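S.K.: The structure's right below; bear with me while I get my questions together.
The values are calculated or read from the model by the stated rules, or taken from the named source; none is laboratory data. Model, not experiment: these values are computed from the prediction. Cβ sites come from the backbone with ideal geometry, for glycine too, and all protein chains shown count toward neighbours. Note: accessible area is taken over every heavy atom of the protein model, side chains too, but ligands, DNA and RNA are not part of it. Shrake-Rupley method; radii C 1.70, N 1.55, O 1.52, S 1.80 Å.
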Amino acid sequence: MATAEQIAERGGKYKTKVVGSERLPLTDAEREEAVDRELAAEAYKAANGYKHDREAAYASLQDQLDMLYHDMTADKGDKTGEWYKAITKVKSDNPKPE
């Protein structure tokens, strides 16, 4: 639940709602709810944003399988292979929050 300070700080942008064709002012409870949703979205992004960033940075599965194939063919199925290096780079560039 948002604190009074957070509502005062962020609630100013939540002023009205549209009901039918009318624009009506938000109640204090509606403004608090809007701030709560905003804070929850920020908390989710802080805790889980790295997952989306990693997903965007990973090579496609086809490319990863190709890297693995070439690593195995070159007898580099360990930490010296290109697949391992690529995955490690994505993970280090997009760390999981503690």
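S.K.: Among Ala40, Thr73, Ile87, flag the residue with its Cα farthest along the positive direction of the charge dipole of the chain, charges on Cβ as +1 for Lys/Arg and -1 for Asp/Glu.
M.R.: Ala40
S.K.: Something else: For region 35-98 and region 1-21, what is the centre-to-centre distance using only Cα atoms, to the nearest Å?
M.R.: When both Cα centres are located, 37 Å separates them.
S.K.: Additional query: Most mobile of Gly20, Gly12, Gly77 per a Gaussian network model of the chain (Cα springs, under 10 Å)?
M.R.: With Cα springs under 10 Å in the chain, the top fluctuation among Gly20, Gly12, Gly77 is at Gly20.
S.K.: In the chain, how does Rg compare with the Kirkwood Rh, expressed as the Rg/Rh ratio over alpha carbon atoms? Before the final figure, lay out the partial values.
M.R.: On the way: Rg = 23.2 Å, Rh = 17.4 Å.
Result: Rg/Rh = 1.34.
S.K.: What does the net charge come to around Asp53 if you take all other residues with beta carbon closer than 11 Å to its beta carbon, with K and R at +1 and D and E at -1?
M.R.: Every neighbour counted, the sum reads +3.
S.K.: Could you provide, to the nearest whole Å², the per residue accessible area of the chain with probe 1.4 Å?
M.R.: Solvent-accessible surface per residue comes out at 77 Å².
S.K.: Quick one: putting +1 on the C-beta of Lys and Arg, -1 on the C-beta of Asp and Glu, what dipole do you get for the chain around its Cα centre, in Debye to the nearest 20?
M.R.: 140
S.K.: Per residue of the chain, what 222 nm ellipticity follows from adding -39500 (n - 2.57) for every DSSP H run with n ≥ 4, rounded to the nearest 500?
M.R.: About -21000 deg cm²/dmol.
S.K.: Pick from Arg54, Arg23, Arg31: which residue has the top mean-square fluctuation in a GNM of the chain where Cα pairs under 10 Å get a spring?
M.R.: Comparing Arg54, Arg23, Arg31 in a Gaussian network model of the chain, the most mobile one is Arg23.
S.K.: Taking the Cβ of Asp66 as the center, what net charge do the other residues with Cβ under 15 Å away carry, scoring Lys and Arg +1 and Asp and Glu -1?
M.R.: Local net charge: -1.
S.K.: Then there is this: Do the alpha carbons of any pairs in Lys13/Lys51; Lys15/Lys96; Lys45/Lys89 sit beyond 25 Å of each other, and which pairs?
M.R.: The answer is Lys13/Lys51; Lys15/Lys96.
S.K.: When only Cα pairs under 8 Å and 6 or more residues apart are kept, what is the percent relative contact order across the chain?
M.R.: Answer for the chain is 23 percent.
S.K.: What list of ³J(HN,Hα) couplings, whole Hz, do you get for region 2-10 from phi and the Karplus terms 6.51, -1.76, 1.60, once you set θ to phi - 60° and write x for glycine and proline?
M.R.: With the stated coefficients, region 2-10 comes to 5, 7, 4, 5, 5, 5, 5, 6, 9 Hz.
S.K.: Under 5 Å between amide H atoms, partner at least 5 residues away or on a different chain: which partners does Lys17 have, H built in plane at 1.01 Å?
M.R.: Placed amide hydrogens put Leu24, Leu26 under 5 Å from Lys17.
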